[in-house]
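Quick notes on the structure that follows.
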Amino acid sequence: MAEMYVVDIYTDGACSGNPGPGGWGAILMYGEHRKELSGGEKQTTNNRMELMAVICALKALKKPCKVNLYSDSAYVVNAFNQNWIIGWQRNGWKNSAKVPVANIDLWQELLSLTNTHVVRFIKVKGHADNEFNNRCDELAVEQSRKFSEDI
């Protein structure tokens, strides 16, 4: 089996109002290479933007990789590290309250991407001293503002 590239990815989502105009940002790093991605939607939620950041970053990878994914979203990180997603699947995509899981479409897409890549989810403190997390926040807020202006 060929050696897999190890890529570090930082992601963040932002929303002005919840729901409201939202944005996401991601930074992909491999060796000396660094790529910034961002996007947004006119009417969305913070959690959807957190998930979109991860999904779009993973989709940008051209071949299967080992990924260290850094996020300040407990929602995203805990879904994998605390095996919530396994429980949701086992329970027909219902949460512990027997209510359909929010954002099923995005969770299913993200789950599919984690079958392509080996992803390790790492929680970082948001709005602290992590330059890459802070840059992702800037990208996400910038996109959120862009969609706010369209209203």
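Just so you know, all these numbers are worked out from the coordinates, no wet-lab data involved. It should be emphasised that the depicted structure is a prediction, and the values quoted were computed from it without experimental measurement. A quick note on method: Cβ atoms are made from the backbone with ideal geometry, for glycine too, and the neighbour counts reach across all protein chains shown.
Positive contributions from Lys and Arg (+1) and negative ones from Asp and Glu (-1), summed over other residues with Cβ under 14 Å from the Cβ of Leu58, come out at +3. Taking a sphere under 13 Å around the Cβ of Asn46 and counting the other residues whose Cβ falls inside, with K and R at +1 and D and E at -1, yields a net charge of -4. Note on the chain: Kirkwood radius taken over Cα pairs, Stokes-Einstein applied at 4 °C and 1.567 mPa s, translational D equal to 83 µm² s⁻¹. Measuring nothing but how far apart in sequence close Cα pairs (under 8 Å, 6+ apart) lie, relative to its length, the chain scores a relative contact order of 35 percent. With a Cα cut-off of under 28 Å and a minimum spacing of 8 residues unless on different chains, the lysine pairs in the range 1-109 number 7.
When N counts the residues of the range 64-151, how does its alpha-carbon radius of gyration compare numerically with 2.2 N^0.38 Å, as a ratio?
On the way: Rg = 15.4 Å, N = 88, 2.2 N^0.38 = 12.1 Å.
Against the empirical 2.2 N^0.38 Å value, I get 1.27 for the range 64-151.
Annotation: amide H of Lys94 within the under-5 Å range of Val101, sequence separation 5 or more or interchain, hydrogens built in the peptide plane. Scanning residues 5 or more positions from Val119 or on other chains, those with amide H under 5 Å from its amide H are Val67, with H placed 1.01 Å from N in the peptide plane.
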